Amino acid sequence: TSSGSASGGSWQTILSATITPSSASNKIIVIGTTMVSHLTGGELEFGLRLFNGTSAVVEGDSSSSATRTFLNKSIVARSYDSFSTSMSAMETAGTTSAKTYSIQGYGSEGQGFYYNRTPSLGGGDYTFSGASTIILMEIAQ
C-alpha cells in the first residue's frame, strides 16, 4: 500500500476496497490494519474508523460532542512515535450493489499524521515503511 500524510481536523481515507454482495441479507466482515505516525511537534489526538461509504461501521456513542471513532490514541511529542492497530466489524450487506469500505483517520485540529510510514524515511534503525490492509468477506445467510 502507498504511504502519505494528511492534515488534521477532518476524516482522511487511508485505504479502501470494494465488494459486491450476492445477497442483501448476507453479512460483510471487514478486517483492517494500519500504521499511523505523528508529524513532528505537539501532541496528536488521533482516531480511526471503518467507513462503509455512507456511515461508520462501528463507532462510539453519540451522547457527547466528542468525535466518534472505532479506536482513539494519543501520541506524545516525540518525532518518531507511531503505532499499528487492527480493526474488525461485521454488518448486514443491505444491498447487492457494490459497497466500498475504507479505513479512515482523523487527527486533532492542527495536527497532521502520516500513514504507512514513520515521519522520517532517511534510513537508520528508527525509520520504517509500513503497510495497511483491508479484507472484505461475504458470509452467506
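Rolled with a 1.4 Å probe across the full set of protein chains, the surface gives Tyr106 an accessible area near 50 Å². Once both labels are positioned 7 Å from their Cα atoms along Cα-to-Cβ, the gap between Glu45 and Lys27 label points is 3.4 nm.
How high is the FRET efficiency between Met137 and Thr67 when r is their beta carbon distance and R₀ equals 30 Å, given to the nearest 0.05? Could the numbers behind the result be given before it?
Numbers: r = 28 Å, r/R0 = 0.94.
About 0.60, to the nearest 0.05.
Using 0.36 nm per residue of separation minus the Cα-Cα distance, give me the extension gain between Ala98 and Ser84 in nm, one decimal.
Values: separation 14, 0.36 × 14 = 5.04 nm, distance 2.85 nm.
This chain segment gains 2.2 nm when fully extended.
The values are calculated or read from the model by the stated rules, or taken from the named source; none is laboratory data. Remember, predicted model here, so these are calculated numbers, not experimental data. Ideal geometry is used to build each Cβ from the backbone, glycine not excepted, and the neighbour counts take in all protein chains shown. Surface areas here come from the heavy atoms of the whole protein model, side chains and all, with no ligands, DNA or RNA. Shrake-Rupley method; radii C 1.70, N 1.55, O 1.52, S 1.80 Å.
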